[in-house]
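Data block below; observations after.
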Amino acid sequence: MMTSRSDLPTIEGENTAAWAAAKQHRLVIARCRTCGVAHHYPRPMCVVCWSTDVVLEDASGRGTLYTHSTVHLNDLPPFDEQVPYVAAVVDLDEGPRVVTRIVGCAPADLRIGMSVEAVFADLDEDTTIVQFQPTTSRTLKETS
């Protein structure tokens, strides 16, 4: 009996192009051509004005850490073998927020407002996910 993996997305229909881009190590966002708002995850309708005049565009892969939490317990395979890991929200430079993981950094070294960049992880031959890691080429954004 085949067991489903809880870490693999369902790739079908309108999300196929975004997952194909990830497989090519490209992060894409959707942009509404009616109101100009960018959103992620890409979907065929604008999240602001409900227009269906939405196109995919490549994102820079750069952003800022908005928030994070270190997950110490997760009983779903294969996450149970990956703890601890850092779940996070990143503000992309293009505007949208992305729910993701932070890799390549000890949780204690993470700082809200730190610059991060996209990295890609191949989960299997068909699926690549976008994660983020701290970047050293940008500095912390000033907070007021």
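The table that follows gives values for the structure above.
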| item | result |
| --- | --- |
| Square roots of five times the Cα gyration tensor eigenvalues for the range 30-96, Å | 31, 14, 10 |
| Span per principal axis, largest first, for the Cα atoms of the chain (Å) | 54, 43, 24 |
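Where a number appears in this text, it was derived from the coordinates with a stated rule and is not lab data. Just so it is clear, the model here is predicted, and its values are computed rather than measured.
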